[in-house]
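Have a look at the structure below, then the notes.
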Amino acid sequence: MALPTTRPGALILAGGRGERFWPWSTAARPKQLLPLARGGRTLLAATFERACRIVEPSRVVIMTAESLVDACRAECPGAVVVGEPVMRNTAPAIAAAAAFFGPGDPFAVLPSDHAIDDEEAFERDFRRAIEVATRDAVLVTFGIKPTAPETNFGYVKRGAKLADRLHRVAQFTEKPDRDRATAWVESGEYAWNSGMFVWTRRTFMAALEAGRPAIAAPLAGLSFAPGQEREFEQALRDIFPSLESISVDYAVLEGSPNTVVIEAGFDWDDLGSWSAWARREKRDERGNVVFGDAVPVECDHCIVVGDGVTAAPLRLKDMIVVATANGVLACRLEDSEHVRKVSEAVRARVKP
């Protein structure tokens with residue numbers, strides 16, 4: 001049976017703050033706008049390029065903060081860029097963006113701050129997901145085969161097998177402790193939850209109505225016509241402040257009986273820390289990752305970044321040194337996962 005005629009789309013979520021990359025990452029230039037992708041591209045630009053492998057640029061919607069609209073538009077020429085008046089997490093953002101697509105149109109949901117190099121495999125998997133979501137009223141998510149018992153990711157437990165690398169979802173689970181993560185990885189039944197999805201507008205809004213009707217109701221009536229971004233943003237100003245702030249995992253996926261998972265055939269890294277980014281970068285003869293105006297002197301296995309000012313550490317080993325006009329970070333490489341504590345402490349200062 002031939003699939004119905006649809007116009008696939010893509011939604012890129014670009015509202016994150018990326019606090020683990022402080023001081024390079026700030027509210028005005030969050031993680032997705034940093035040159036952390038291959039070739040010095042921003043993560044948002046790289047995500048947009050991947051999206052354009054499966055849909056036309058004009059069918060890509062970027063949801064971001066109002067203050068970042070111009071910066072995101074510069075990175076994603078031809079896309080529709082919409083500013084959210086306040087951040088309400090992923091469930092309201094996805095529901096609002098669904099208004100850009102027809103009821104039966106499948107659309108991909110893509111975080112803007114992940115790294116994926118095998119773009120051909122990415123395209124194959126997402127085209128397959130689009131076919132599945134168009135044919136069946138299911139919510140498609142992508143699972144990543146675990147390489148370690150990570151405690152910073154959510155997990156998906158696979159259920160009944162439907163086809164090659166395609167399973168029903170038995171359970172979504174949030175970030176586990178080390179013992180549970182180890183047991184899950186060793187069982188072979190779990191995958192990391194990538195935060196990437198494909199579904200039709202109709203299927204998603206029905207699932208949101210079942211899980212969070214208070215979010216679905218005010219957003220279900222939204223409509224959009226080309227060139228009406230500002231009018232759409234005004235409608236969001238009237239609706240968003242009163243909405244619950246909640247992720248799509250909690251609001252929809254954990255309670256929906258019609259979720260399926262595709263085991264991703266492409267590589268994936270969420271670049272959640274300085275050390276995660278450094279794993280993908282070239283190193284000098286002493287094992288240092290150097291970016292921008294950086295001059296490590298007799299240093300070994302360090303990450304050194306200078307942006308607007310010079311970073312010049314001396315005789316350090318296994319350290320992170322980042323110097324920008326916004327501040328300076330110096331910490332042990334093993335503490336990379338805790339940099340958010342620094343950004344939170346800086347934000348919490350009581351200034352005179």
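Quick check, is Leu110 in contact (Cβ under 8 Å) with a residue 24 or more places away in the chain, assigned by TED's automatic domain parsing to the domain that holds Gly227 and touching a Lys or Arg at 6+ places or on another chain (Cβ under 8 Å)? Answer is yes for this residue. Take segment 122-143 and flag every residue that is within 18 Å of the chain's Cα centre (by Cα) and surrounded by fewer than 20 Cβ atoms within 10 Å (Cβ to Cβ). If the condition is that a residue be within 18 Å of the chain's Cα centre (by Cα) and surrounded by fewer than 20 Cβ atoms within 10 Å (Cβ to Cβ), then Glu123 is the only one that fits.
Hey, among Ala191, Ala207, Ala183, Ala170, which residue is modelled with pLDDT of 95 or more, assigned by TED's automatic domain parsing to the domain that holds Val140 and more than 22 Å from Arg128 (Cβ to Cβ)? Write out each step before concluding.
Numbers: Ala191 fails: more than 22 Å from Arg128 (Cβ to Cβ); Ala207 fails: more than 22 Å from Arg128 (Cβ to Cβ); Ala170 fails: more than 22 Å from Arg128 (Cβ to Cβ).
Checking each option against the conditions leaves just Ala183.
Screening Gly306 on (1) crowded, with 18+ Cβ neighbours inside 10 Å; (2) in contact (Cβ under 8 Å) with a residue 24 or more places away in the chain shows it passes everything except condition (2).
Selection of segment 118-150 for residues being part of a helix (DSSP H, G or I) and either at pLDDT below 95 or of a type in the set (A, V, I, L, M) (or both) yields Ala121, Ala129, Ile130, Val132, Ala133.
Scanning segment 151-186 for residues that are more than 30 Å from Val339 (Cβ to Cβ) and assigned to a loop (DSSP other than H, G, I, E, B) gives Asp164, Arg165. Picking from residues in segment 181-202 that are of a type in the set (Val, Ile, Thr) and crowded, with 23+ Cβ neighbours inside 10 Å, the one that is farthest from Pro111 (Cα to Cα) is Thr200. Whenever a residue of segment 280-295 is more than 15 Å from Arg315 (Cβ to Cβ), its partners that are assigned to a loop (DSSP other than H, G, I, E, B) and modelled with pLDDT under 95, lying with C-beta atoms within less than 6 angstrom and at least six residues away or across chains, give the pairs Val289/Glu281. Ala45 falls short on exactly one of the conditions (1) touching a helix residue (DSSP H, G or I) at 6+ places or on another chain (Cβ under 6 Å); (2) in contact (Cβ under 8 Å) with a residue 60 or more places away in the chain; (3) aliphatic (A, V, I, L, M), and that condition is (2).
Looking at Pro176, Pro226, Pro241, which one is modelled with pLDDT under 95 and within 24 Å of the chain's Cα centre (by Cα)? Don't jump to the end; show me each part of the working.
Values: Pro226 fails: within 24 Å of the chain's Cα centre (by Cα); Pro241 fails: modelled with pLDDT under 95.
Criteria check complete, one pass: Pro176.
Of the residues making up segment 175-210, just one is touching an Asp or Glu at 6+ places or on another chain (Cβ under 8 Å) and farther than 24 Å from Arg127 by Cα, namely Ala181. Please list, ordered by first then second residue, the pairs with beta carbon atoms under 9 Å, 6 or more apart or interchain, first in segment 208-224 and closer than 18 Å to Gln234 by Cα and surrounded by 14 or more Cβ atoms within 10 Å (Cβ to Cβ), second among the acidic types (Asp, Glu) and at pLDDT below 95. Hits for this filter: Phe224/Glu231. On the stretch given as segment 47-70, residues that are of a type outside the set (Ser, Thr, Tyr), surrounded by fewer than 24 Cβ atoms within 10 Å (Cβ to Cβ) and farther than 12 Å from Gly15 by Cβ total 10. Can you tell me which residue is surrounded by the fewest Cβ atoms within 10 Å (Cβ to Cβ) among those in segment 239-293 that are in a helix (DSSP H, G or I), among the aliphatic types (A, V, I, L, M) and out of contact with any helix residue (DSSP H, G or I) (no Cβ under 7 Å at 6 or more places or on another chain)? If we take residues in segment 239-293 being in a helix (DSSP H, G or I), among the aliphatic types (A, V, I, L, M) and out of contact with any helix residue (DSSP H, G or I) (no Cβ under 7 Å at 6 or more places or on another chain), then Ala276 is surrounded by the fewest Cβ atoms within 10 Å (Cβ to Cβ).
The values are calculated or read from the model by the stated rules, or taken from the named source; none is laboratory data. Quick caveat, the model's predicted, so the values are computed rather than measured. Glycine gets a Cβ as well: all are built from the backbone with ideal geometry, and neighbour counts include every protein chain shown.
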